[in-house]
Amino acid sequence: EEVNKNNQDRFNFLINRFKSLQGKILFVRQGDGINVDYHNNSPMTPQLLDRLINALNNYFPQQTFKLLLLTSPPSLDVSKYNGQVIKAHLENVYDRWEGSDQGYDDVFSQLEIRLTPSL
């Protein structure tokens, strides 16, 4: 099977970037993470959240990270994660990101999250 060189280069770049993360890390998940034309994603459930946090803790044992769940199910309880998982909601105007960072800036400001600019 022929591999698309551009896709392979892009995924290699993303994997290497992911492996090199250091410092305080913030992972952000918007909604259920459903992509166009890919319907196999599951809604965030307590079991899926446990698997995700366990995987991240195993992959980054020496790193400090948090997971920000945007527009997650209201019934999802994150209290057992002692602040490692944060829930927030983007206003409807920002649910479909089209080039404006305002919705994310608002959420980060409310949660007192300051991003360090990359060089």
Report, by chain and number, residues whose modeled amide H sits under 5 Å from the one on Ile86, excluding near sequence neighbours (fewer than 5 apart, same chain). Leu67, Leu68, Leu69
Can you spot the lysines whose alpha carbon is less than 24 Å from Lys5's alpha carbon? Ignore those fewer than 8 places along the same chain. Lys19
Straight-line reach from Lys80: which lysines have a Cα under 25 Å away, not including same-chain ones fewer than 8 places off? Lys24, Lys66
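Each value in this text was obtained by applying a stated rule to the coordinates, not by laboratory testing. Everything numeric here is computed off the predicted structure, so don't read it as measured data.
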